[in-house]
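For reference, the structure discussed in these notes is given below.
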Amino acid sequence: MVTRTVVATRSTRRADLALALLEPQGHAYSLLARLGARPWSCTPLAALTCWLADDVRTAKPALRAWLRTCTAGTDLFIYWSTNQREILEGMLGIPASRLFFVPFGTEPGYFRPRAPDARRVPGATHSSGRDGYVLTAGLDRGRDYRTFMAAVRELDHPVKVVCPRPILGDLEIPRNVELLGLIDKARYRSLLQRAALVVVPVRPDVAYPTGQSVLLNAMSCEVPTVVTNTIALADYTRHGENTWTVPGEDPQELREGIAHVLGSPALAAKIAASGRHDVVSHFNSKTMWQKVAPRLRALVDESPRRLRAPRP
């Protein structure tokens, strides 16, 4: 991160603003700004923030102090779940003026519903043209594959999992589960579109909205979803409306939730349609950046850095 930051010195000097995608990309910049080094101390820094609240929540005192230090030079933290605000304020001492919540957004033009005239595959669970499998996907530390594998072991449906085998550790893979490893974006979209149901099993104790990308991508494809009920995902989920939520770390509850949605075509159709509507209306990248843009412009116009130390 330090090398990239230094290599970009000339660009930083010419820029009105720097944007870190995601927060680790901004640590070196933030440290240099805090030390008063130019041009970093003269150009405001905003950071899209995903894991910071969870990192500081679980960190030992030394690491927490380090995180406080290497984020002190960041002018704006853009985060994707409202529960993080209290953690960022209380544990890192970030003032409210430097925090900005915006709902995450996916690409509804790319993650779109399968064409209505798509050929139905034998064994499909209903007439939507979808195949009969249950799909889950995800690589990050917040996934709860242990609960998921226990839940689907007795499920009377094929199951596909998009995840490298090493992430699953010592978990025993049920016979009805097919591991697909890592796949490209086009195949991922196709799997979402053809799934009878997409399940997002996550750990309820994680402070960042783990699973939001897969959840919103599936919603955008107008596929019904079942997701763990967590405070970090509460900004995106409406139980029985745009998804079906279940308690965390409970294989029986997850199994029953999956079976309930699969066995209720009207409910599945309602959830799928509402999910697509919510993505098109709210949870899309265009809307996200439209909300972020005015805050970035204000940061440029009002930045005390530029008033204190105008760029040469």
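The values are calculated or read from the model by the stated rules, or taken from the named source; none is laboratory data. The structure presented is a predicted model; accordingly, all values stated were derived computationally and were not measured. Neighbour counts are summed over all protein chains in view; Cβ atoms, including those assigned to glycine, are modelled from backbone coordinates with ideal geometry. Accessible surface areas use protein heavy atoms only, side chains included; no ligands, DNA or RNA. Shrake-Rupley method; radii C 1.70, N 1.55, O 1.52, S 1.80 Å.
Looking at region 35-57, is at least one residue surrounded by fewer than 17 Cβ atoms within 10 Å (Cβ to Cβ) and part of a helix (DSSP H, G or I)? Looking for residues that are surrounded by fewer than 17 Cβ atoms within 10 Å (Cβ to Cβ) and part of a helix (DSSP H, G or I), one finds none in region 35-57, hence no. Taking region 201-241 as the range and being over 22 Å from Ala269 (Cβ atoms) and either acidic (Asp, Glu) or modelled with pLDDT under 95 (or both) as the test, the residues that pass are Asp205, Asp235.
Within region 190-204, can one find any residue that is hydroxyl-bearing (Ser, Thr, Tyr) and within 19 Å of the chain's Cα centre (by Cα)? No, region 190-204 contains no residue that is hydroxyl-bearing (Ser, Thr, Tyr) and within 19 Å of the chain's Cα centre (by Cα).
Thr287 passes every criterion in (1) over 15 Å from Thr106 (Cα atoms); (2) at pLDDT 95 or above apart from (1).
Selection of region 66-90 for residues being part of a helix (DSSP H, G or I) and over 22 Å from the mean Cα position of the chain (by Cα) yields Trp66, Arg68, Thr69, Cys70, Gly90.
Every condition in (1) in a helix (DSSP H, G or I); (2) at pLDDT 95 or above is met by Gln25 except one, and the failing one is (2). Taking the listed residues Glu172, Glu178, the one that is farther than 17 Å from Trp244 by Cα, part of a strand (DSSP E or B), at pLDDT 95 or above and open to solvent by 10 Å² or more (accessible area, probe 1.4 Å) is Glu178, with no other qualifying.
The condition of being farther than 17 Å from Val246 by Cβ, open to solvent by less than 50 Å² (accessible area, probe 1.4 Å) and not hydroxyl-bearing (Ser, Thr, Tyr) does not hold for Ala151. The set of residues in region 1-27 that are surrounded by fewer than 22 Cβ atoms within 10 Å (Cβ to Cβ), closer than 18 Å to Leu67 by Cβ and touching a residue at least 40 places away in the same chain (Cβ under 8 Å) contains only His27.
Is region 170-177 home to any residue that is closer than 12 Å to Ala137 by Cα and touching a strand residue (DSSP E or B) at 6+ places or on another chain (Cβ under 7 Å)? No, there is no match, as no residue in region 170-177 is closer than 12 Å to Ala137 by Cα and touching a strand residue (DSSP E or B) at 6+ places or on another chain (Cβ under 7 Å). A single member of Ser30, Ser81 is open to solvent by less than 10 Å² (accessible area, probe 1.4 Å), over 23 Å from Thr210 (Cβ atoms) and small (Gly, Ala, Ser), and it is Ser30. Here region 121-148 is the region considered, the condition is being at positive phi and open to solvent by less than 40 Å² (accessible area, probe 1.4 Å), and the residue that is modelled with the lowest pLDDT is Gly129. Within region 279-292, the set of residues being farther than 11 Å from Val102 by Cα and free of Cβ contacts under 8 Å to residues at least 24 places away in the same chain comprises just one member, Ser281.
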